[in-house]
Amino acid sequence: MYIYQKHALVVGVYRNVYLPEIMLLLESIEMYTSVVRELMKGQYFNRPRFLNILCNETCLPVPIMYILHEENIMSVASYLRFKQTDSKFISVFAEEILSSGETNRESKHFNGVLSLLVNHCFPEKSETDHSVKKICTTVLTQTICQHLNNMKNDKNSLLISLVPCDHMICSEVSLKKYGCFLLQQIFTYIPTISVAESFRLQKNWKFAKLPIQFTELCKEILLVLDVEDVLGMLKQTLDSSDVNWYHFCAFWSVFIICTQKSRSLAEDILIELLKMAFEESRTDHILKVFLICRQCCFEGSHVFHSYQDWFLNLFGDSQRSLANSKKTFTCLMKVLTDLVPYDQPSCLKVHILRPPFVPSKCKELLSDYIVLGKTRLTDLKEPLEQVGMFDTSNGSSSSKNQMEEDVQKALAAFETNNKMPSAVMEASIFRKSYFIGKFIPALLKPRPLPDIPDARMIFIEALRKVEKIPPNMYKTYKIDCKKEAANLLQGVFMEIDDDEDDNIEMTMTTMEQFDHRLNQMMDKIINRQWQKHLPEMISVLKEKIIVLLANPEESICTRNLLQLNMNTKINPLQFKLVNGLLNLFCKVSEACLVVDNPDLSWAVQLVDMLGEFTTLHHTLFVVITRLVTYQINEMESHHIAGLSTLLTFMSMKSQIFGLIEFSPCTSSYCKEKQYFTQKLWTCLPLQTAQQMIFCLRLMSSYFFCVFNVVDNSCLLEENYNRIFPHILIQK
């Protein structure tokens, strides 16, 4: 009787103590259990009475339950059979499991009970106790829902593993079945948002913005499931109407970021599903596949295509288009039209400026959509076309590029006949807000002024004389130009502050968070711990850059010709970002290039990410050009290693950076439109012995990188000319 009472007392006290006291109580339980074991040997033990006393508790603590099972005193299955009629048991047991997981999610008691529940719920063989299976399924469902509810209501809730790691108890087959069950519960948990509404919100569901509790849960599921299992769940979800689209999209972000080789498999299955949906005219399926593809595209080109590339690959021409008949094209237009009220502006611009292939007799459908899309962009105050002073056939320029184009065209017209262009005078009268608010600030960009006035200086002076430039703006311009002249060669490769070691990002500014993530990535790559985590780190780093740049997403529909002005004033924030990324390339490349066969595949994804931020391209190109022309005296071996690595991958991926030309032009070569890396080799000065030595070191390092990362299949004629331009071979 004493033993029975003691066990009941321990069970009652257990819930009100902390971890150290729990450990002492567990020792007491094991001591009493050894006594029970001895009584059982001598057949002095009244098992029914003992179990009856224990089962009078609403729910046994998980550690005690597992100890009793392990000692063959009372199995978990027997306990569940006894409690199956207790209406309060399920919810209390679910809370008990979560509480035990919070206390110590790696404990053998927690994992043991969870493994047993999974085994009973998803047995390898069909022979099983159906009553136990039913109650185990109910308990697991309640536990998962309660955990998801906790995550929803408390973003700082503790990490809990709902996937058992005791593979001695839980078989691989059972774990896979449970992984699919767990995914199903996550996907169907309290659906509140429609598919269409999800298109408007899904940019907030990217990997870098997800709560860590959810990402860790998804990663655990991905550890027990094959990629094929996950894609099978995708097919099932397409036929379901009750889906939590936030959980669904968020899971796809984790999947595409954290699963190696998921891109090609996911891309193939998504194309296959789209083909089937178009053939069967299933617009609901088309909509859902578009949602998944958008989610993958938003994660960045380091893991998936940009949305523009994906859309053009699938619908851009008659040979490849999945909608190349009247029937399928009508389906596509219906889906896109229904999406207009919810669609992201950047995606609307892709559909309008890079429209799909139009089958015969379907132009009216596309025209109606374009009118609707333009109206929607107007309502959102998102300009599709930036109207400047001069007519232009390219209406997809960003506002910033349009102003630069207007300035260049005005200067060109002024140089031609030495007269003020009529378009400029008209704009100064009839479009005064544009002229004073945008054109004049673009014209008066501070720069080091040449000793002999150039066309820009003469043009500015002509405008000032006819009182078209406000005196205060002109005065500020002159002061800033003097500062620029003094600061022309100042500051490249500032050292990143390595003292910041605070892991609690909530206490950091956004710039400090960016530096912290850069240092984290640097350490991982240098210590060769990056293979599994690089996509995650890049996604988080990318999100920090997006926050810092505030509105970096200019039109993604074109890579406009970039006017590279070496005298332009560099934006301080953009310089810090570019400088930090260059530091990473330099320090990591120096560590990687000391071996004979360096692994530089980390640089591919970083360059892909850089390509997405068109806002940073001008600053990046100016900084690199200044380095190799003005600051070769300050260049050390790690600078050369970093530059050669970066230039290698920028050469291989030239298209994502677009063509450039120097402005103002000082010689014939700068008028030619080329990729940046081709221009850069042209710029390398070879007038002095020091310049020649530097050029030789940089080229040698570049060739070493190229021959280690480029295989012969990549060196087709077009690629070869980009990687080994004629001027490089000549020098």
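The values are calculated or read from the model by the stated rules, or taken from the named source; none is laboratory data. Just so it is clear, the structure is predicted and the values come from calculations on it, not from any experiment. We place every Cβ from the backbone using ideal geometry, glycine too, and count neighbours over all the protein chains shown. Note: accessible area is taken over every heavy atom of the protein model, side chains too, but ligands, DNA and RNA are not part of it. Shrake-Rupley method; radii C 1.70, N 1.55, O 1.52, S 1.80 Å.
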Original post:
Which members of the range 615-666 meet the condition of being closer than 24 Å to Leu696 by Cα and free of Cβ contacts under 8 Å to residues at least 12 places away in the same chain?
Top reply: Glu636
Original post:
Out of all the residues in the range 422-440, which are closer than 25 Å to Cys481 by Cα and surrounded by 13 or more Cβ atoms within 10 Å (Cβ to Cβ)?
Top reply: Val424, Ser428, Tyr434, Phe435, Ile436, Lys438, Phe439, Ile440
Subject >> Hits in the range 336-360 - residues which are of a type outside the set (Phe, Trp, Tyr) and not in a helix (DSSP H, G or I) >> reply: Val340, Pro341, Asp343, Gln344, Arg354, Pro355, Pro356, Val358, Pro359, Ser360
Original post:
Got at least one residue in the range 359-375 being touching a helix residue (DSSP H, G or I) at 6+ places or on another chain (Cβ under 7 Å), under 20 Å from Gln202 (Cβ atoms) and open to solvent by less than 30 Å² (accessible area, probe 1.4 Å)?
Top reply: yes
Subject >> Residue in the range 179-213 that is least open to solvent (accessible area, probe 1.4 Å), counting only those that are aliphatic (A, V, I, L, M) and part of a loop (DSSP other than H, G, I, E, B) >> reply: Leu210
**OP:** With the condition kept exactly as written, say whether any residue in the range 135-144 is assigned by the TED database to the domain that holds Thr58, over 38 Å from the mean Cα position of the chain (by Cα), modelled with pLDDT of 85 or more and within 16 Å of Cys59 (Cα to Cα).
**Re:** yes
Original post:
Does any residue of the range 231-238 turn out to be charged (D, E, K, R), touching a residue at least 40 places away in the same chain (Cβ under 8 Å), open to solvent by 10 Å² or more (accessible area, probe 1.4 Å) and not assigned by the TED database to the domain that holds Leu148?
Top reply: no
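Okay, residues lined up against (1) surrounded by 16 or more Cβ atoms within 10 Å (Cβ to Cβ); (2) farther than 25 Å from Ile169 by Cα; (3) modelled with pLDDT of 70 or more:
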{"site": "Ala8", "(1), (2), (3)": "no, yes, no"}
{"site": "Tyr18", "(1), (2), (3)": "no, yes, no"}
{"site": "Val35", "(1), (2), (3)": "no, yes, no"}
{"site": "Leu39", "(1), (2), (3)": "no, yes, no"}
{"site": "Pro48", "(1), (2), (3)": "no, yes, yes"}
{"site": "Val62", "(1), (2), (3)": "yes, no, yes"}
{"site": "Phe82", "(1), (2), (3)": "no, no, yes"}
{"site": "Phe93", "(1), (2), (3)": "yes, no, yes"}
Original post:
Among all residue pairs at least 6 apart or on different chains, which show Cβ distances below 6 Å where the first residue, located in the range 58-79, is under 16 Å from His120 (Cα atoms) and of a type in the set (Ser, Thr, Tyr) and the second is at pLDDT 85 or above and part of a helix (DSSP H, G or I)?
Top reply: Tyr66/Gly112; Tyr66/Val113; Ser75/His69
Subject >> Among residues of the range 591-600, those that are in contact (Cβ under 8 Å) with a residue 12 or more places away in the chain and either farther than 14 Å from Asn527 by Cβ or aromatic (Phe, Trp, Tyr) (or both), counted >> reply: 4
**OP:** Keeping to the range 309-339, report how many residues are surrounded by fewer than 17 Cβ atoms within 10 Å (Cβ to Cβ) and touching a Ser or Thr at 6+ places or on another chain (Cβ under 9 Å).
**Re:** 5
